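Okay, structure first, notes after.
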Amino acid sequence: MLNDIKKAILPYQEQLLNHPLYKSLKTPDDLHAFMQHHVFAVWDFMSLLKALQSSLTKTTTPWYPLGNPEVRYLINEIVLAEETDVALDGRHMSHYEMYIDAMQKAGADTTKMKTFLDHITHGTDIFLVIAVSEIPKSVKQFLKFTFNTISEGKSHKIASAFTFGREDLIPGMFTQIIANIQQNFPDRDLTHFKYYFDRHIELDGDEHGPMALKMVEELCGHDPRKWSEAETAAVTALRHRIELWDGILKEINTEITV
């Protein structure tokens, strides 16, 4: 069943791996544009993760054993690293906080992301925040897919979007792009940004990737309907990732021609 999903998403993965965005990231300003879009995907990734933890483990009191212990273990292990990983300076923080820190050190603007999050922390409905926020259309579509998936409450679909909608091999590309930009613009501090992607390569390849695949298998089981829905969620997640990349490339190209 997993093989069916992998086959279905292969064309979209190839589009992502060969996207023209990567060759367009040549200057610090280009990288800033990327960061200012991509940070929303870093943030909503955590929302997918916490939605899984809420549905697959007992997070309220009084506690009692809930669901499959193997699935509980898998999701809690991923949460531990994603929400409280070790940063470059040795402190513990979420990957979102690491990304914001990297943006600030690189000179990227975090205003739109922080304003967005301020509305969320004050209890404003997520779909309303997405609608009224001054963020690119491609980012809005990306976020709406994520939170529509979460609001359905189907753990197998959330797990599929979480597992197959991430960058996969792309972080390896960015380490090289970052290194090239750092070499050409030594006054820009991209050390923390590179560390963020290095951590993703390490965790996703060695630990989180295999764990997430096993989680999808456990949640879909032998139910053909669940496998079909998981496949649709995976394909749709990757289509929105491509649209997000298209939006970043459009902004970079617009800045160049102005």
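How long is the gain from residue 105 to residue 73 if the chain were fully straight, where each residue apart is worth 0.36 nm and the alpha carbon distance is subtracted?
Computed gain between residue 105 and residue 73 is 8.0 nm.
Under a Cβ-Cβ cut-off of 12 Å, what is the net charge of the residues other than residue 83 that fall near it, where Lys and Arg count +1 and Asp and Glu count -1?
-3
Inverting the mean 1/r over all pairs of different Cα atoms, compute the Kirkwood radius of the chain and quote it in Å.
Kirkwood radius, the chain: 19.0 Å.
Compare 228, 160, 47 by solvent-accessible area with a 1.4 Å probe and give them largest first, with all protein chains kept in place.
Of 228, 160, 47, the descending order of accessible area is 228, 47, 160.
Could you give the length gained by full extension between residue 46 and residue 140, i.e. 0.36 nm per residue of separation minus their alpha carbon distance, to one decimal place?
So the extension gain works out to 32.2 nm.
For the stretch 1-134, just say rounded, prolate or oblate: build the C-alpha gyration tensor, square-root its eigenvalues into a ≥ b ≥ c, call rounded for a/c under 1.5, and beyond that prolate if a/b exceeds b/c, oblate if not.
The shape class here is oblate.
Can you give the longest stretch of the chain with no exposed loop site, where a site means trypsin sites (Lys or Arg not before Pro) in a DSSP loop (not H, G, I, E or B) with at most 15 other C-beta atoms within 10 Å?
Maximal segment without exposed cleavage sites: 92-258.
Determine ³J(HN,Hα), in whole Hz, for all residues of the stretch 13-30 in sequence, where each value follows from phi through the Karplus function 6.51 cos²θ - 1.76 cosθ + 1.60 and θ = phi - 60°; x replaces Gly and Pro.
4, 5, 4, 5, 5, 10, 5, x, 4, 4, 6, 8, 8, 10, 10, x, 5, 4
If the convex hull of the alpha-carbon atoms of the stretch 95-215 is projected onto planes in all directions, what is the mean projected area in square nanometres?
Convex hull of Cα atoms, orientation-averaged projection: 8.5 nm².
To the nearest 10 square angstrom, what accessible area does residue 246 show with a 1.4 Å probe?
70
With a point put 7 Å past each Cα toward its Cβ, work out how far residue 64 is from residue 114 in nm, to one decimal.
My value for the distance between the label points is 4.5 nm.
Please arrange 17, 52 by accessible surface area, largest first, computed with a 1.4 Å probe and ligands excluded.
17, 52
Treating cross-link reach as a plain straight distance, find the lysines whose alpha-carbon is under 27 Å from the alpha-carbon of residue 154, omitting any fewer than eight places away in the same chain.
Hits, sequence-local ones excluded: 6, 7, 50, 58, 137, 140, 144, 214, 226.
Could you give each residue of the stretch 85-97 its phi-based ³J(HN,Hα) in whole Hz, using Karplus coefficients 6.51, -1.76, 1.60 with θ = phi - 60°, and x for Gly or Pro?
Result, rounded to whole Hz: 6, 8, 7, 4, 8, x, 6, 9, 7, 6, 5, 4, 5.
Nearest 500 deg cm²/dmol is fine: what mean residue ellipticity at 222 nm does the chain get from its DSSP H runs of n ≥ 4 alone, each adding -39,500 (n - 2.57), divided by its residue count?
-24500 deg cm²/dmol
Ignoring ligands, DNA and RNA, what percent of the 1.4 Å accessible area of the chain is carbon and sulfur?
54
DSSP loop GluC sites (Glu not before Pro) in the stretch 58-146 with at most 12 other Cβ atoms within 10 Å of their Cβ, which ones?
In loop regions of the stretch 58-146 (DSSP not H, G, I, E or B), the sparsely surrounded GluC sites (Glu not before Pro) are 134.
Can you figure out the FRET efficiency of residue 7 with residue 223, using R₀ = 25 Å and their beta-carbon distance, to the nearest 0.05?
Efficiency computed from Cβ-Cβ geometry: 0.85.
The values are calculated or read from the model by the stated rules, or taken from the named source; none is laboratory data. Nothing here was measured: the structure is a model prediction, and the numbers come from that model. Cβ sites come from the backbone with ideal geometry, for glycine too, and all protein chains shown count toward neighbours. Calculation scope for accessible area: heavy atoms of the full protein, side chains included, ligands and nucleic acids excluded. Shrake-Rupley method; radii C 1.70, N 1.55, O 1.52, S 1.80 Å.
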